[in-house]
Amino acid sequence: MKIYFLSAQPCALKLNGVYFGTTDRFERFVEVSLQDRIFVEFTPENALPIGFFLTESLRFSPPDGCNVYILADGIAVYAWGFPPKDFSLHVIAQTRFDDALVTLYRQGAIQLSIEHDQQLFNATLPPAFSSASLSKHGGLFFVEGKGILSAHTKTAECVFLEETLAYAFAENELHATLPLSDCLGRTAECVWDLNENGCVLQKTTIKQALAEQTSLQTLLPYVFLESVRIGADYAQFLCEELRPDAEQLRAFLGEFESVVLTRDPSVYGLLRKKQARLYEATYYTLEMLDGKISDVRG
């Protein structure tokens, strides 16, 4: 079986103690049998390593600090939750908003605490918030990191977490430009209504950076699926015969987290979440006619 290895930061990868190479966001793979119980170790530069045995349990129980993706030709393991070396307390930012004291700090992981009415609420944030500022808009508390933004209720519940290229607040609205991982350099211009309970997406506009028609035609099925995923106008990519069935087609594809390319340019995998940190790909064949999607089969 193929086992693909990826990591959120560069790591030295060892299999049964033997150095195999380095990992990052580009996959490396090895052909192994899960019955061999090979011990895998990801070792980053400034954190403790993640180690686990490759067994059949990988299909059902992801190792701590890892996401697991069940694919047609194997299993991908993405290591990201590396235990920190330093557990001392470091305050990153602290601000009082009316009756609430909001503190962003690192103690091992990065934590957000919100204290009000003699109650304390906490949330854990990704490492990208190691340098950040705090603000309040529309009844929500925002943590503004470099290229990433999160929003939290008074009980520290995270109701928004996105990578952002740019963002701005206008009264009780959030306007943000989000990068899309669709090979065409597209971005999503989005508007959310804000209230103390959460964010409600009101509008999404796709901006196209790569204008070459040949590139767009080659990747049109991928762009179509990504548009379905984010709620953009996907009907524009359908042929005239399929457009009346656009809503049924959306229901047929269902909810999914991301799109996976395969070696067959007409076959795409849709990653669905099975449980925390465990995903499985469902594959669909998309056919084209005269530059439009003419058929979608599961």
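A few remarks follow.
- Placing a label point 7 Å from the Cα of L289 along the Cα-to-Cβ direction, the residues of segment 220-249 with a backbone N closer than 15 Å are 238-245.
- Overall form of segment 255-298 per C-alpha gyration tensor (a/c, 1.5; a/b vs b/c): prolate
- Remark: segment 267-276, residue by residue, has Karplus-estimated 3J(HN,Hα) of 10, 10, x, 10, 7, 10, 7, 8, 6, 4 Hz, where x stands for each Gly or Pro and the curve is 6.51 cos²θ - 1.76 cosθ + 1.60 at θ = phi - 60°.
- In terms of its alpha-carbon gyration tensor, segment 1-52 comes out oblate; a/c meets the 1.5 threshold, while b/c is at least as large as a/b.
- Given [x] 59, 58, 30; [y] 62, 55, 31; [z] 74, 43, 32, the label whose value is Cα extents along the principal axes in Å derived from this model: [y]
- Annotation: aspartates and glutamates with alpha-carbon distance below 20 angstrom to K14 (same-chain offsets under eight excluded): D24, E27, E31, D36, E41, E45, E56, D64.
- Tensor-based shape of segment 228-279 (alpha-carbon gyration tensor, a/c under 1.5 rounded, otherwise prolate or oblate): oblate
- More than 22 angstrom apart: percent of Cα pairs within segment 34-118: 48
- Under the convention that each Lys and Arg Cβ holds +1 and each Asp and Glu Cβ holds -1, the size of the dipole of segment 36-146 around its Cα centre is about 140 debye.
- Around Q119: net Lys/Arg minus Asp/Glu count, Cβ-Cβ under 14 Å: -3
- Near H137: Cβ cut-off under 14 Å, other residues only, Lys/Arg at +1 and Asp/Glu at -1. The net charge is -4.
- Normalised by the number of residues in segment 1-107, the mean separation of alpha-carbon contacts (under 8 Å, six or more apart) gives a relative contact order of 24 percent.
- Spatially proximal lysines relative to K154 (Cα-Cα < 29 Å; intrachain offsets below 8 disregarded): K136, K146, K203, K273
- Probe 1.4 Å - accessible area at K2, Å² to nearest ten: 40
- Rounded accessible area per residue of the chain, 1.4 Å, Å²: 53
- Of Q236, G145, V91, farthest towards positive along the dipole that unit charges on Lys, Arg, Asp, Glu beta carbons give the chain: V91
- Across the chain, C-alpha contacts under 8 Å between residues 6 or more apart give a mean separation that, scaled by the residue count, equals a relative contact order of 10 percent.
- Net +/- balance of residues flanking F237 in space, Cβ distance below 11 Å, scoring K and R +1, D and E -1: 0
- Calculated P(r) tail over 19 Å for segment 86-162, as whole % of Cα pairs: 26
The values are calculated or read from the model by the stated rules, or taken from the named source; none is laboratory data. Keep in mind the model is a prediction, meaning the values are calculated, not measured. Cβ atoms come from the backbone with ideal geometry, glycine included; neighbour counts cover every protein chain shown. We work out accessible area using only protein heavy atoms, side chains counted, and drop any ligands, DNA or RNA first. Shrake-Rupley method; radii C 1.70, N 1.55, O 1.52, S 1.80 Å.
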